[in-house]
Amino acid sequence: MSGLKVLSVASEIFPLVKTGGLADVAGALPGALVREDVDMRTLVPAYPAVKQKLGDAETVHEYADLFGAPARVIAGRTGELDIFALEAPHLFDRPGNPYLGPDGTDWPDNARRFAALARVGADIGLGELEAFRPHVVHAHDWQAGLVPAYLRYSGRPAPGSLITIHNLAFQGHFPASIFWELGLPDAAFTVDGVEYYGGVGYLKAGLALADVITTVSPTYAREIQTREFGMGLDGLLRTRAAAVYGILNGIDEAVWNPSTDPALEQTYNPLRIDMRGRNKAALQKRLGLALSVDRPLFAVVSRLSGQKGLDQLLHALPRIVDRGGQLALLGSGERWLESGFADAAASRPGSVSCVFGYDEKLAHLFQSGADFILLPSRFEPCGLTELYALRYGATPIVSRVGGLNDTVIDSNEAALAAGVATGVQFAPPSVEALSDAIDRAFSLHHDPAAMRRLRLNGMRADVSWRGPAKRYAELFRAIARTAA
Ligand code: ADP
């Protein structure tokens, strides 16, 4: 089938609105699918930032009453992206974070807000817009989890559906009372439908009813089917095992390109890899670390949360510093981690330095100047940070979970002998295993030829969207064939 049409339904999309990796995927996939002959358009809520960036847009559909007030769908274009924006002021005309109110907690009507998004996604799927009748609807995360439910219970011929899990930790679980507002038939409130532990589970509904489930790495696809990583949904995912696929994310190679990156002190490429040294010096200077070519510089660019395992790094820190290494951290998030790292920096000036906050530009300098990038995550659906590290020749040191397992080739004896290693993996995610990995990093650092090999291998690894886009396109075609 050529010219396949796919509607993507997402609660955020880069560059219009972003809080995490979901926005990057939603923003990059449509462009990468063009060469696969897939026409993907995206439905997002018309938050103020979206409306402002979308500019001129035409009304393509109107609702007299969508969850309590009139609403309309507008169509516009930004860059290479074709966007349908759901303009429902009573639900989305709120500044700031898409999910959180000014006090930093969830908006109390999130259940309604994202049911509305899903409902409209399903309506477009069912052919309400003459101009765009999709063969497949692609729902992202719990915010679009009800799309497959609205399709399934519409009683009309429906297109196929695929749901992608970007992080199983967020599930959209609400009290049963919301069910009566959803406009779904009573038959939907069952264990095979949207019911979840007596309430309504939005992600659960998507996982139960979508034709295909994907997540963002093959290893995470296996892990979420186990009790340890399944966050209560492993049983359901096991029953759907035949429909579960893992497809890695790619990165935007134009934005993350060390040979053109304006955020660097010095651009470089695999042939001029030694020039990275100038970025290391710039990073040391910027962070107030002792200037040194020889001391290995370990770095972290991360949300500060339990998921990322950085409390383990606090415990393993003496291993870095006592052996003469340095640590640079760029992160924002939970208070207890911030204060732990702030204390570590205060007690080891010149060796440990932290920048708290979100700084996209500085993240680029970190990747270009660090010798090693540390990711001791307890779980990691895909991880983008290690992909940037590979591309920038900063050797990743990662726990062997999720996407970290699938993207970094451990420098064990066999991989070193074959000349294919790209980093260091450790397991399980523990202080001891992380400390051992740090020791291995020091050994590698003392062998410049081995280090050079690792960096070059990383820089030459294919971390683009080409492969992933091909796999999504294959699934979309298979779904469309079955639904037709
Ligand atoms: P997650 O989505 O779980 O936070 P990923 O590794 O998938 O983890 O994506 C994290 C992204 O956010 C990367 O692009 C990383 O560079 C960026 N990032 C995280 N923290 C910061 C920060 N404090 N400043 C700048 N960029 C950051």
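What are the pairs, 6+ residues apart or on separate chains, where a residue within the stretch 199-213 that is free of Cβ contacts under 8 Å to residues at least 12 places away in the same chain has its Cβ under 7 Å from a residue that is buried (at least 24 other Cβ atoms within 10 Å of the Cβ) and acidic (Asp, Glu)?
none
Output the residues belonging to the stretch 161-203 that are closer than 30 Å to Leu384 by Cα and assigned to a helix (DSSP H, G or I).
Tyr202, Leu203
Restricting attention to the stretch 370-379, and to residues there that are open to solvent by 10 Å² or more (accessible area, probe 1.4 Å) and either in contact with a Lys or Arg (Cβ under 8 Å, 6 or more places away or on another chain) or within 25 Å of Asp322 (Cα to Cα) (or both), which single residue is farthest from the ligand (Cβ to nearest atom)? Full working, then the answer.
Filtering the stretch 370-379 down to residues open to solvent by 10 Å² or more (accessible area, probe 1.4 Å) leaves 371, 375, 378-379.
Pick out the ones that are also either in contact with a Lys or Arg (Cβ under 8 Å, 6 or more places away or on another chain) or within 25 Å of Asp322 (Cα to Cα) (or both) and you get 371, 375, 378.
Working: Asp371: 17, Leu375: 8, Arg378: 11 Å.
Among them, the one singled out is Asp371.
Given the condition in a loop (DSSP other than H, G, I, E, B) and buried (at least 18 other Cβ atoms within 10 Å of the Cβ), answer yes or no: does some residue in the stretch 24-47 qualify? If you could, list the steps in order and put the result at the bottom.
Applying the first criterion (in a loop (DSSP other than H, G, I, E, B)) to the stretch 24-47 yields 37, 46-47.
Narrowing the set further to residues that are buried (at least 18 other Cβ atoms within 10 Å of the Cβ) leaves 46-47.
For the stretch 24-47, residues in a loop (DSSP other than H, G, I, E, B) and buried (at least 18 other Cβ atoms within 10 Å of the Cβ): present.
For every residue, the table says whether it meets (1) crowded, with 16+ Cβ neighbours inside 10 Å; (2) more than 10 Å from the ligand (Cβ to nearest atom); (3) within 22 Å of the chain's Cα centre (by Cα); (4) within 16 Å of Arg286 (Cβ to Cβ).
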| residue | (1), (2), (3), (4) |
| --- | --- |
| Leu304 | yes, no, yes, no |
| Leu313 | yes, yes, no, no |
| Gln326 | yes, yes, no, yes |
| Leu329 | yes, no, yes, yes |
| Arg335 | no, yes, no, no |
| Ala342 | no, yes, no, no |
| Pro349 | no, yes, no, yes |
| Ser353 | yes, yes, no, yes |
| Lys361 | no, no, yes, yes |
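Just name the residue that is most open to solvent (accessible area, probe 1.4 Å) out of those in the stretch 160-202 that are touching a His at 6+ places or on another chain (Cβ under 8 Å) and closer than 26 Å to Gly403 by Cα.
Taking the stretch 160-202 and keeping what is touching a His at 6+ places or on another chain (Cβ under 8 Å), we get 160-164, 166, 196-197, 199-202.
Now restrict to residues that are closer than 26 Å to Gly403 by Cα: 161-164, 166, 201-202.
On the way: Ser161: 7, Leu162: 0, Ile163: 0, Thr164: 0, His166: 22, Gly201: 1, Tyr202: 0 Å².
By that ranking, first place goes to His166.
For the stretch 123-157, name all the residues that are in contact (Cβ under 8 Å) with a residue 40 or more places away in the chain, open to solvent by 40 Å² or more (accessible area, probe 1.4 Å) and either within 18 Å of Tyr196 (Cα to Cα) or in contact with a Leu (Cβ under 8 Å, 6 or more places away or on another chain) (or both).
Matches in the stretch 123-157: His135, Arg152, Tyr153.
Given (1) more than 9 Å from the ligand (Cβ to nearest atom); (2) touching a residue at least 12 places away in the same chain (Cβ under 8 Å), identify the lone condition not met by Gln367.
(1)
Would you check which residues across the stretch 292-316 are within 19 Å of Glu334 (Cα to Cα) and touching a strand residue (DSSP E or B) at 6+ places or on another chain (Cβ under 8 Å) and list them?
Once the filter is applied, which keeps residues that are within 19 Å of Glu334 (Cα to Cα) and touching a strand residue (DSSP E or B) at 6+ places or on another chain (Cβ under 8 Å), the stretch 292-316 yields Ala299, Val300, Val301, Ser302, Arg303, Leu304, Ser305, Lys308, Gly309, Leu310, Leu313.
Would you confirm, using the coordinates I've provided, whether Gly206 is at pLDDT 95 or above, more than 16 Å from the ligand (Cβ to nearest atom) and not in a helix (DSSP H, G or I)?
Numbers: at pLDDT 95 or above: yes; more than 16 Å from the ligand (Cβ to nearest atom): yes; not in a helix (DSSP H, G or I): no.
Against the criterion (at pLDDT 95 or above, more than 16 Å from the ligand (Cβ to nearest atom) and not in a helix (DSSP H, G or I)), Gly206 does not qualify.
Considering Tyr472, Tyr388, which residue is aromatic (Phe, Trp, Tyr) and open to solvent by 20 Å² or more (accessible area, probe 1.4 Å)?
Tyr388
Among the residues of the stretch 443-484, how many are assigned to a loop (DSSP other than H, G, I, E, B) and in contact with a His (Cβ under 9 Å, 6 or more places away or on another chain)? Before the answer, list the steps.
Residues of the stretch 443-484 that are assigned to a loop (DSSP other than H, G, I, E, B), as a first pass: 446-447, 461-465, 484.
Still in the list and also in contact with a His (Cβ under 9 Å, 6 or more places away or on another chain): 484.
Total meeting the criteria: 1.
Tell me the residue from Ala290, Ala282, Ala299 that is in contact (Cβ under 8 Å) with a residue 24 or more places away in the chain, more than 16 Å from the ligand (Cβ to nearest atom) and not in a helix (DSSP H, G or I), please.
Numbers: Ala282 fails: not in a helix (DSSP H, G or I); Ala299 fails: more than 16 Å from the ligand (Cβ to nearest atom).
Selected residue: Ala290, the only one of Ala290, Ala282, Ala299 that is in contact (Cβ under 8 Å) with a residue 24 or more places away in the chain, more than 16 Å from the ligand (Cβ to nearest atom) and not in a helix (DSSP H, G or I).
The values are calculated or read from the model by the stated rules, or taken from the named source; none is laboratory data. Only a predicted model underlies this, so the values are computations on that prediction, with no experimental measurement involved. As a convention, Cβ positions derive from the backbone with ideal geometry for all residues, glycine included, and neighbour counts pool all protein chains shown. When the accessible area is computed, the model is the full protein with side chains, heavy atoms only, and any ligands, DNA or RNA have been set aside. Shrake-Rupley method; radii C 1.70, N 1.55, O 1.52, S 1.80 Å.
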